[in-house]
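Below: one structure, written as structure tokens.
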Amino acid sequence: MRDVDLSVSAAHRGGVDPESSASTVEMRAAIIAETVDLLGLTNVRIDGRHVRIAGELGDYALHLGSGIVHRLPGGALCIIPVHVAHRGRLFFPFADDDPKTAEVISKVGLFARDRGITDPLILQQIYARI
């Protein structure tokens, strides 16, 4: 089922996928680079179209286009973003019109400090791959 979800979420019809286009990925990479620098996250680096995160519970690769997180080595982690109407008070003024960028930034922050994760469903997926 996860493979189907990955295929559907990463697939597109037409010549250019706006979520994974070079300009979108470059913009997200620049935003991530500045954000991790401001937050002092030394365990995060950008590697092409992926953000590599060395967490305490494991290593992760986050795709800058799709926002899908992979536990390395291993498979994808199923992390569903909260709908806009249910978001908290965290506001990304540079990414408010682009919910995928906000999702990518929040996932970087989440997995860079993976010891602080309290969601049992996310932890279950992480520990299942240890």
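No value in this document is a laboratory result; all are computed from the given coordinates. Here the structure is a predicted model, which means the values were calculated and not measured. So basically every Cβ, Gly included, is an ideal-geometry build from the backbone, and we count neighbours across all protein chains shown.
Amide H contacts of Gly65: none lie under 5 Å away among residues 5 or more positions distant or on a separate chain (H built 1.01 Å from N in the peptide plane; Pro and chain starts excluded).
Just rank Thr42, Thr24, Thr101, fewest to most, by other beta-carbon atoms within 10 angstrom.
Thr42, Thr24, Thr101
You can think of it this way: the chain between Asp59 and Ala128 has 23.5 nm of extra reach, that is 0.36 nm per residue less the Cα-Cα gap.
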